[in-house]
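The values are calculated or read from the model by the stated rules, or taken from the named source; none is laboratory data. Not measured: the values here are computed from a predicted model. Positions of Cβ are generated from backbone atoms using ideal geometry, with glycine treated the same way; all protein chains shown enter the neighbour counts. Each accessible area value is taken on the protein alone, full model and side chains, heavy atoms only, with ligands, DNA and RNA left out. Shrake-Rupley method; radii C 1.70, N 1.55, O 1.52, S 1.80 Å.
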Amino acid sequence: MQAVILVGGLGTRLRPLTYDIPKALVPLRNKPFMGYTLDFLRDGGIEGVVLSLGYLPDPIQRYIDEREDLDGFSVEYAVEERPLGTAGGIKNAARYLEGGPVVVLNGDVLTGMDLRKAIELHRSTGALATITLTSVEDPTAYGLVEVDHDMMVRRFIEKPSPDEVTTNLINAGVYVLEPEVLGMIPSGREVSIEREIFPRLQERGQLYAHVSSSYWKDIGTPRSYLAASHDVLSGAVGAGEDFEYMDVHGSTAIGKNVRILPPVSIAEGCEIAAGATVGGRSSLGRGCRVGEGAVVEGSILLDGAVVEAGAVVRGSIVGPGARIGENAIVRGLSVLGARCVVGEGNVLDQGIRINPGVVLQPRSVSF
């Protein structure tokens with residue numbers, strides 16, 4: 001069986017990170033997110049994948065080409081000339097499919113569900129499409145999916161008010177589709193599978209659901225991306241047999257009186273100066289530098305990020321090559337774009353986002 005991964009979106013919710021990095025390649029525990037997606041599909045018995053690409057396709061193709069463990073697993077690329085939506089992206093990938101059922105996966109879903117069970121359920125019902133559902137604590141933030149006792153989809157409820165909530169089940173972004181569904185999708189225009197195709201199948205009684213209680217996270221916002229990073233570092237999802245809470249590359253240069261607190265992931269070529277503290281569910285990409293007495297906690301530092309002496313980074317995301325000056329504070333889910341500079345003594349908080357290349361002069365911002 002083959003799969004289609006929808007990775008053509010702009011990743012606007014994750015900006016400024018995604019100005020330079022496609023969402024599919026943002027790292028979790030210093031492994032590109034696409035790696036977890038491919039592992040999920042291969043563990044589910046999928047034999048090959050078509051990547052439906054649009055925005056920044058070249059880095060994704062380079063990542064696939066550099067992997068040496070994909071022997072026997074086919075990868076094809078369907079690049080959109082213009083945005084085609086979720087269904088349009090599937091249609092654009094159809095020329096690479098060999099017939100038979102196909103698994104479709106949204107490119108921003110991290111899950112520990114058993115894909116084989118979803119495929120088995122699909123085959124047992126004879127449905128044209130099976131949609132995987134997961135439960136959430138706050139249903140009002142999502143579109144909901146009602147099912148009957150046979151797991152046939154009854155109706156969709158788009159972001160209900162509290163008094164309209166009848167279920168806490170939402171679309172988990174994993175589907176199993178028969179070839180007939182692909183035939184229902186118009187060619188050459190933007191088409192939403194959630195708004196145009198699934199409602200038609202539901203009306204015809206040909207859309208079923210598989211409910212999974214396994215781990216699930218949409219990594220598409222800074223808050224959910226950081227939460228997913230914490231979960232991966234803690235081993236809640238994606239942990240292989242060689243998983244370690246103290247994942248520190250042997251090339252890391254560590255000064256005196258440094259505190260490294262698990263769970264943590266530190267990639268090759270990093271430097272941590274004397275008296276610094278790193279950990280508490282943090283990951284440092286290749287070549288990161290943490291200065292004397294600096295603190296990095298609960299955060300993601302991408303390749304080449306620099307935290308200078310006395311600076312503090314808590315619960316935030318620092319893009320590749322960004323620099324945080326001496327005694328600056330970056331906290332509260334702040335997101336720094338690639339190569340930006342936060343000058344000495346600045347205080348960033350409350351989810352502030354700094355675009356790539358922006359330079360904040362010393363002591364110019366304080367929350």
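Odds and ends about this structure:
- Selection status of Asp231, open to solvent by 10 Å² or more (accessible area, probe 1.4 Å), in a strand (DSSP E or B) and within 20 Å of Val26 (Cβ to Cβ): no
- Count of segment 130-172 residues, restricted to those that are more than 25 Å from Asp114 (Cβ to Cβ), among the hydroxyl-bearing types (Ser, Thr, Tyr) and assigned to a loop (DSSP other than H, G, I, E, B), is 2.
- Matching entry among Gly255, Gly235 (being closer than 12 Å to Gly112 by Cα, without any contact (Cβ under 8 Å) to a residue 60 or more places away in the chain and not charged (D, E, K, R)): Gly235
- Among (1) farther than 18 Å from Ala267 by Cα; (2) crowded, with 18+ Cβ neighbours inside 10 Å - the single one Val318 does not satisfy: (1)
- Pairs where the first residue, in segment 132-149, is open to solvent by 40 Å² or more (accessible area, probe 1.4 Å) and the second is polar (S, T, N, Q), C-beta under 7 Å, 6+ apart: Ser135/Asn168; Thr140/Ser161
- Flag for Tyr175 being crowded, with 17+ Cβ neighbours inside 10 Å, in a strand (DSSP E or B) and either in contact (Cβ under 8 Å) with a residue 12 or more places away in the chain or in contact with a helix residue (DSSP H, G or I) (Cβ under 9 Å, 6 or more places away or on another chain) (or both): yes
- Output for segment 94-110, where each listed residue is under 21 Å from the mean Cα position of the chain (by Cα) and either among the aromatic types (Phe, Trp, Tyr) or open to solvent by less than 20 Å² (accessible area, probe 1.4 Å) (or both): Val103, Val104, Leu105, Gly107, Val109, Leu110
- Selection count, segment 178-225, where residues are within 22 Å of Glu146 (Cβ to Cβ), in contact with a strand residue (DSSP E or B) (Cβ under 9 Å, 6 or more places away or on another chain) and in contact (Cβ under 8 Å) with a residue 24 or more places away in the chain: 20
- Look at segment 109-128: where a residue is under 14 Å from Gln206 (Cβ atoms) and a partner is among the charged types (D, E, K, R) and open to solvent by 30 Å² or more (accessible area, probe 1.4 Å), sitting 6+ places away or on another chain with Cβ atoms under 9 Å, you get His122/Glu178; Thr125/Asp150; Ala127/Glu178; Leu128/Glu178; Leu128/Glu180; Leu128/Arg204.
- Checked against (1) buried (at least 18 other Cβ atoms within 10 Å of the Cβ); (2) modelled with pLDDT of 90 or more; (3) not aliphatic (A, V, I, L, M), Gly9 meets all criteria but (2).
- In segment 321-344, the residues that are open to solvent by less than 40 Å² (accessible area, probe 1.4 Å), closer than 20 Å to Gly275 by Cα and of a type outside the set (A, V, I, L, M, F, W, C): Gly325
- Count of residues meeting criterion [touching a Gly at 6+ places or on another chain (Cβ under 6 Å) and either modelled with pLDDT under 90 or open to solvent by 40 Å² or more (accessible area, probe 1.4 Å) (or both)] in segment 180-203: 1
- Meets criteria (open to solvent by 40 Å² or more (accessible area, probe 1.4 Å), touching a Leu at 6+ places or on another chain (Cβ under 7 Å) and either farther than 24 Å from Val4 by Cα or among the polar types (S, T, N, Q) (or both)) for Gln206: yes
- Residue within segment 268-275 that is touching a Phe, Trp or Tyr at 6+ places or on another chain (Cβ under 9 Å) and β-branched (Val, Ile, Thr) present: no
- Comparison of Val109, Val26 shows that the only residue that is at pLDDT 95 or above and within 25 Å of Gly337 (Cβ to Cβ) is Val26.
- Selection status of Val359, free of Cβ contacts under 8 Å to residues at least 60 places away in the same chain and out of contact with any His (no Cβ under 9 Å at 6 or more places or on another chain): yes
- Test: residue in segment 239-251 that is open to solvent by less than 30 Å² (accessible area, probe 1.4 Å), assigned to a loop (DSSP other than H, G, I, E, B) and hydrophobic (A, V, I, L, M, F, W, C): no
- The residue that is surrounded by the fewest Cβ atoms within 10 Å (Cβ to Cβ), among those in segment 306-315 that are touching a Leu at 6+ places or on another chain (Cβ under 9 Å) and among the aliphatic types (A, V, I, L, M), is Val313.
- Residues within segment 307-347 that are of a type in the set (A, V, I, L, M, F, W, C) and either at positive phi or in contact with a Gly (Cβ under 8 Å, 6 or more places away or on another chain) (or both), tallied: 12
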